[in-house]
1. Sort through A:89, A:33 and tell me the only one that's touching a Gly at 6+ places or on another chain (Cβ under 9 Å), in contact (Cβ under 8 Å) with a residue 12 or more places away in the chain and within 11 Å of chain B (Cβ to nearest Cβ).
2. Collect the residues in segment B:28-38 that are within 12 Å of another protein chain (Cβ to nearest Cβ) and over 20 Å from residue B:62 (Cβ atoms), keeping them in residue-number order.
3. Hey, does segment A:52-66 have a residue that's away from chain B (no Cβ under 12 Å), in contact with an Asp or Glu (Cβ under 9 Å, 6 or more places away or on another chain) and either basic (Lys, Arg) or outside any strand (DSSP E or B) (or both)?
4. From B:55, B:21, grab the single residue that is of a type in the set (A, V, I, L, M), more than 24 Å from residue B:113 (Cβ to Cβ) and part of a strand (DSSP E or B).
5. Select from segment B:61-87 the residues that are assigned to a loop (DSSP other than H, G, I, E, B) and over 12 Å from the mean Cα position of the chain (by Cα) and list them in ascending order.
Amino acid sequence: DQQVKQNSPSLRVQEGRISILNCDYTNSMFDYFLWYKKYPAEGPTFLISISSIKDKNEDGRFTVFLNKSAKHLSLHIVPSQPGDSAVYFCAASERGGGADGLTFGKGTHLIIQP
Amino acid sequence: DTAVSQTPKYLVTQMGNDKSIKCEQNLGHDTMYWYKQDSKKFLKIMFSYNNKELIINETVPNRFSPKSPDKAHLNLHINSLELGDSAVYFCASSQGLAGVGETQYFGPGTRLLVL
């Protein structure tokens, strides 16, 4: 039972264009959402987060949008750069969650093409 | 300076052995975690440890036990290793509890292969 879903296993985007990574969730108790970036043989690196009281958070080239009614969030990267090629994980946490861990999606492999 | 470090990076061992993976964080965080990334690439929480309180994911076999000698360390002990334990194990830490909107920071992972 996947509570966090990333339905696109991979995404190819041309350098300089906008990359949009999508994430859907089913647990209405989630109140904090994060995006992590992961290179091969490394641990996930925190990228950006958003609280459920907001609908947008921006940090440089990265913007996360949250649509609570649709239980959907997205990560926008603009402009996309070659170094952005990585696997991006969407994660969520709920207040008082069982093991206080994050629930992760399966990841989307973003490939930035020159 | 590595914020969250794990040793070893690679671990190859025989079925039935007992092994440990170490984790250290120098961020001054109060909470540490262990995650398992399985063959399907899902990252799943195994344990969280905060102020001597251990919260265990109910799906984790009791062959797995975390040990925290101090706030900066959370080691993972695995007894009687099985083939299905082969995975990448990630340690993470956060200032507070994940359930209150805390960001977690991950170590580089330990790749465990059980033969």
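1. The conditions single out A:89.
2. B:30, B:31, B:37
3. Yes, segment A:52-66 has at least one match.
4. That would be B:55, the only listed residue that is of a type in the set (A, V, I, L, M), more than 24 Å from residue B:113 (Cβ to Cβ) and part of a strand (DSSP E or B).
5. Across segment B:61-87, the qualifying residues are B:61, B:62, B:63, B:69, B:70, B:71, B:72, B:79, B:80, B:81, B:82, B:86.
Bear in mind these aren't lab numbers, they're just calculated from the coordinates by the rules spelled out. Just so we're clear, the structure is a prediction, and the values are computed from it rather than from any experiment. For neighbour counting, all protein chains shown are included, and Cβ atoms are generated from backbone atoms with ideal geometry for every residue, glycine included.
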